[in-house]
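S.K.: My structure is below; once you've seen it, I'll send some questions.
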Amino acid sequence: MWQVKPVTAQDLPALESLMNLNPLRLSTLPTERDQLAERIAVAESGFAGLDDKATLLFGLHEDNGNMVGVCGIQPYAGADEPFYSYRIDELVHASRHLKIHQRQPVLYLSHELTGLTSLCSFTMLEKLRSTAAFDLLTRSRLMYIAAHREHFADELICEIQGIWDDQGQSIFWKSVGELFFGLDFITADNQCALHGKTIIAELLPPYPIYTTLLPEAVRKALAEPHPRTERTIKWLQQEGLVKSRYIDPFDGGPTYRGEICKMNSIRAIRNVSGVRQQDGLDSQQWLVSQGHGTDFICMLVEGALVDDMLLSSTQTILSDNTPTLVMPLELQHDID
Amino acid sequence: MTLIRPIAESDLDALITMARESGVGVTSLPDNPELMARKLKRAVASFQQKLPPEEAHYIFVMQETPDGPPVGLCGIEARIGRDEVWYNYRLGEVIQASETLGVYRRTPTLFLSNDMTGATELGSLYLRELSRRNRNGSVLSKSRYMFLASFPKLFSERVIAEMRGYSDANGISPFWEGLGKNFFNMKFSDADFLTGSGNKVFIAELMPKFPIYVPMLNKAAQDVIGAVHPLTQPALAMLESEGFRKNGFVDIFDAGPSVECELSRIDGVRRSERLNTRIVDRTETDSSVRPQWLICNERFSEFRLISLPHIYRDGPVLELTQEQAEMLRVSAGDPVRIMSLKPEEPQDG
């Protein structure tokens, strides 16, 4: 059975190989071992309750203990620094006198998303992307958030990768960021992973950008997600998150946004008092989580809710006597 | 002997003709009779001191003979941006630097600005095709320094001129195509016409208000920022030879540069001298018609300026023939101002 648990120092080699397997680089995680070790240490202090703003990292493990996926939550986007996005806004250029009325899209550099809770750093083995492990890993974060509600913001964001070409270059970056850095996207992206995004974002042009001055291909790519992120977007939409007016300042990818308490997964969560083995009653798959902080664990369990207990024919390592959160794997899209 | 004088009501037809001839790009002379009539009225009122000095717009006309028709004109706007907002782009820079990242990048940036408001502007220079000879262009252009030198208190110490920006043989301005056009569908010639028609402020209000990062413009637009129209090159050279320098501001439509000089530092103003008139009886023997000197009276409403190949000077006294004195409307003992034209320049017609 798959398990999702906080990443610890001993997961370092597995994390490193995962990062190097990922065909899409993550701008929120580095690939170098030393830097990854640092990130893990930060995450551990977060799970231990020592750092409220630390980015938490969760690992997906197979029965044999292999870590085959990772994902993260940044409880407070930007942590101690501003979190940068571009807001797609509009200015109306109008003259009654000249009978002209034109809406001009403008990108404003914004810190507004600073402090929201951000889902980030998701990657998993390619072959698992179409399995229930995808749901488990993705949504285990919501289980963690539900179990530690006071540690997170009211709103959730998820930055989706924008359009990158086959060489890993972003056309948005080429027309915007690169003008101000002289660094190509891959180099800048590596620097982001290394130093954090803020130090780079601080170098972005401070004044708004008239998108009408950008090449047409770039305009079309604004807020467009990379085709590979289709499954994630579908999930976000099912949860009730919507594409916001904010885009990533590096690759122009969209940011999805929504209130945590209104997310379908969150609303479907039930509190029970444990998981008990009992044959014959399995009816559906559940995400089940127990424990807090460092001891958090989340699994997929087939079973049935009876009274105050999840009954499953499968023997699990989960306790039959501890506060437990359960969430149906299959979501009804409209709960009400 | 050319004569330059304040424009008069009776010059309306000539003014309209010249505005029509001047074509696209000479924004201050739109082919719009009604508008030109208003301009004329304002200029006449300015010379009659019926307007506050800061609202004055002086227009002068050139005649090639004492009784001939106007063949050219030039103007001085006492203060720009007084009755409508005056826009320019200022050529600035945004610098991105990070030691950690090893980044140091200077990005040229256009900032919309009203900073030239209140300056005195030299403008509206036009000389009819057939009269582009005998240094008439130089005489016409530089006559304005004589007026400035004679009445400096009426003007700002900051004197500017806006140079027509680059446009191709079809009148297409690459800067307009790359920037302005994106903000409203209009040909440059239409926008230019509206601008000259007193709609400049309406158009300016449609232009982008936030700074424009130059590298975001297409290459053709970038290349012509601060470039002058080929036909304006001689005018720029002439202004530069008098001490004017590009001041880092460009036109918001065609990115033509502005040039600027402090009034008291304009070479022509400094070269000019105030002398007293003596009337002499002399027959001009020099057959050269190419003028080397400008002479003007110091009468405001009846300003007159003539150009001469030679002057006869006796210390603080300038000797004029009766005919010259009559053209200048001075009598013996009256003050006059002289200024040498600079040595012949290649652009002199």
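S.K.: Filter region A:162-183 down to residues that are charged (D, E, K, R) and part of a helix (DSSP H, G or I) and give me whichever is nearest to the other protein chains (Cβ to nearest Cβ). Quick ask: steps written out before the conclusion?
M.R.: First, pick out the residues of region A:162-183 that are charged (D, E, K, R): A:165-166, A:174, A:178.
Still in the running and part of a helix (DSSP H, G or I): A:174, A:178.
Numbers: A:Lys174: 11, A:Glu178: 9 Å.
Going through the qualifying residues, I end up with A:Glu178.
S.K.: Quick one: which strands (runs of 3 or more DSSP E) sit completely within region A:234-274 and have at least 3 residues that are closer than 30 Å to A:Ser312 by Cβ? Talk me through it step by step, then tell me what you get.
M.R.: Working: elements: A:242-247, A:254-259, A:270-272.
Where strands (runs of 3 or more DSSP E) fall fully within region A:234-274 and carry at least 3 residues being closer than 30 Å to A:Ser312 by Cβ, they are A:270-272.
S.K.: Related question: Those residues that are buried (at least 23 other Cβ atoms within 10 Å of the Cβ) and either of a type in the set (A, V, I, L, M, F, W, C) or more than 27 Å from B:Ser138 (Cβ to Cβ) (or both), I need them from region B:37-55; list them, please.
M.R.: B:Ala43
S.K.: Another question, then. Restricting to region B:92-114, name every residue that is over 17 Å from B:Phe249 (Cβ atoms) and in contact (Cβ under 8 Å) with a residue 12 or more places away in the chain. Break it down into steps so the answer makes sense when it comes.
M.R.: Applying the first criterion (over 17 Å from B:Phe249 (Cβ atoms)) to region B:92-114 yields B:94-107.
Answer for region B:92-114, where residues must be over 17 Å from B:Phe249 (Cβ atoms) and in contact (Cβ under 8 Å) with a residue 12 or more places away in the chain: B:Val94, B:Ile95, B:Arg106, B:Thr107.
S.K.: Among the numbered criteria (1) part of a helix (DSSP H, G or I); (2) at pLDDT below 95, which one does A:Tyr144 miss?
M.R.: Of (1) part of a helix (DSSP H, G or I); (2) at pLDDT below 95, only one is false for A:Tyr144: (2).
S.K.: Of everything in region B:221-250 that's away from chain A (no Cβ under 13 Å) and closer than 14 Å to B:Gly180 by Cβ, which residue is nearest to the chain's Cα centre (by Cα)? Let's see the steps before the verdict.
M.R.: As a first pass, look at region B:221-250 and keep what is away from chain A (no Cβ under 13 Å): B:223-250.
When the remaining residues are screened for being closer than 14 Å to B:Gly180 by Cβ, the result is B:224-225, B:250.
Working: B:Val224: 21, B:Ile225: 20, B:Val250: 15 Å.
So the residue we want is B:Val250.
S.K.: Report, by residue number, each residue of region A:184-216 that is at the interface with chain B (Cβ under 7 Å from one of its Cβ atoms) and either over 21 Å from A:Tyr246 (Cβ atoms) or among the polar types (S, T, N, Q) (or both).
M.R.: A:Gln191, A:His195, A:Thr212 - these are the residues of region A:184-216 that are at the interface with chain B (Cβ under 7 Å from one of its Cβ atoms) and either over 21 Å from A:Tyr246 (Cβ atoms) or among the polar types (S, T, N, Q) (or both).
S.K.: So for region A:154-161 (the condition being in a helix (DSSP H, G or I), in contact (Cβ under 8 Å) with a residue 24 or more places away in the chain, touching a Gly at 6+ places or on another chain (Cβ under 7 Å) and not charged (D, E, K, R)), does at least one residue qualify?
M.R.: Step one: of region A:154-161, the residues in a helix (DSSP H, G or I) are none.
No, region A:154-161 contains no residue that is in a helix (DSSP H, G or I), in contact (Cβ under 8 Å) with a residue 24 or more places away in the chain, touching a Gly at 6+ places or on another chain (Cβ under 7 Å) and not charged (D, E, K, R).
S.K.: Collect the residues in region A:77-131 that are assigned to a strand (DSSP E or B) and more than 14 Å from every other protein chain (Cβ to nearest Cβ), keeping them in residue-number order. Step through it out loud before you land on a result.
M.R.: Kept after step one, since they are assigned to a strand (DSSP E or B), are these residues of region A:77-131: A:85-95, A:100-110, A:117-124.
A:Ser85, A:Ile88, A:Ser110, A:Thr117, A:Ser118, A:Leu119, A:Cys120, A:Ser121, A:Phe122, A:Thr123, A:Met124, listed by residue number.
S.K.: On the phi > 0 side of the Ramachandran plot and free of Cβ contacts under 8 Å to residues at least 24 places away in the same chain: does that describe A:Asp307? Give the derivation first.
M.R.: Numbers: on the phi > 0 side of the Ramachandran plot: yes; free of Cβ contacts under 8 Å to residues at least 24 places away in the same chain: yes.
Here the answer is yes, as A:Asp307 does meet what is asked.
S.K.: Out of region A:37-76, which residues are of a type outside the set (A, V, I, L, M), surrounded by fewer than 19 Cβ atoms within 10 Å (Cβ to Cβ) and either part of a helix (DSSP H, G or I) or within 17 Å of the chain's Cα centre (by Cα) (or both)?
M.R.: Of everything in region A:37-76, those that are of a type outside the set (A, V, I, L, M), surrounded by fewer than 19 Cβ atoms within 10 Å (Cβ to Cβ) and either part of a helix (DSSP H, G or I) or within 17 Å of the chain's Cα centre (by Cα) (or both) turn out to be A:Glu38, A:Ser45, A:Lys53.
S.K.: Just a yes or no: is a residue in region A:220-229 of a type in the set (Gly, Ala, Ser) and either within 14 Å of chain B (Cβ to nearest Cβ) or assigned to a strand (DSSP E or B) (or both)? Full working, then the answer.
M.R.: Step one: of region A:220-229, the residues of a type in the set (Gly, Ala, Ser) are A:221, A:223.
The next check asks that each one be either within 14 Å of chain B (Cβ to nearest Cβ) or assigned to a strand (DSSP E or B) (or both); those that pass are none.
No: region A:220-229 contains no residue that is of a type in the set (Gly, Ala, Ser) and either within 14 Å of chain B (Cβ to nearest Cβ) or assigned to a strand (DSSP E or B) (or both).
S.K.: Testing B:Ile16 on (1) surrounded by fewer than 14 Cβ atoms within 10 Å (Cβ to Cβ); (2) free of Cβ contacts under 8 Å to residues at least 60 places away in the same chain; (3) more than 24 Å from B:Met116 (Cα to Cα), one condition comes back false. Which one is that?
M.R.: (1)
One line per residue, one yes/no per condition, for (1) of a type outside the set (Phe, Trp, Tyr); (2) in a strand (DSSP E or B); (3) within 18 Å of the chain's Cα centre (by Cα):
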residue: B:Leu15; (1), (2), (3): yes, no, yes
residue: B:Ser28; (1), (2), (3): yes, no, yes
residue: B:Leu40; (1), (2), (3): yes, no, yes
residue: B:Leu73; (1), (2), (3): yes, yes, yes
residue: B:Val85; (1), (2), (3): yes, no, no
residue: B:Gly92; (1), (2), (3): yes, yes, no
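S.K.: Within region A:116-146, which residues are out of contact with any Asp or Glu (no Cβ under 8 Å at 6 or more places or on another chain), surrounded by 18 or more Cβ atoms within 10 Å (Cβ to Cβ) and small (Gly, Ala, Ser)?
M.R.: The answer is A:Ser121, A:Ala133, A:Ser140, A:Ala146.
The values are calculated or read from the model by the stated rules, or taken from the named source; none is laboratory data. All values reported here derive from a predicted model rather than from experimental measurement. As a convention, Cβ positions derive from the backbone with ideal geometry for all residues, glycine included, and neighbour counts pool all protein chains shown.
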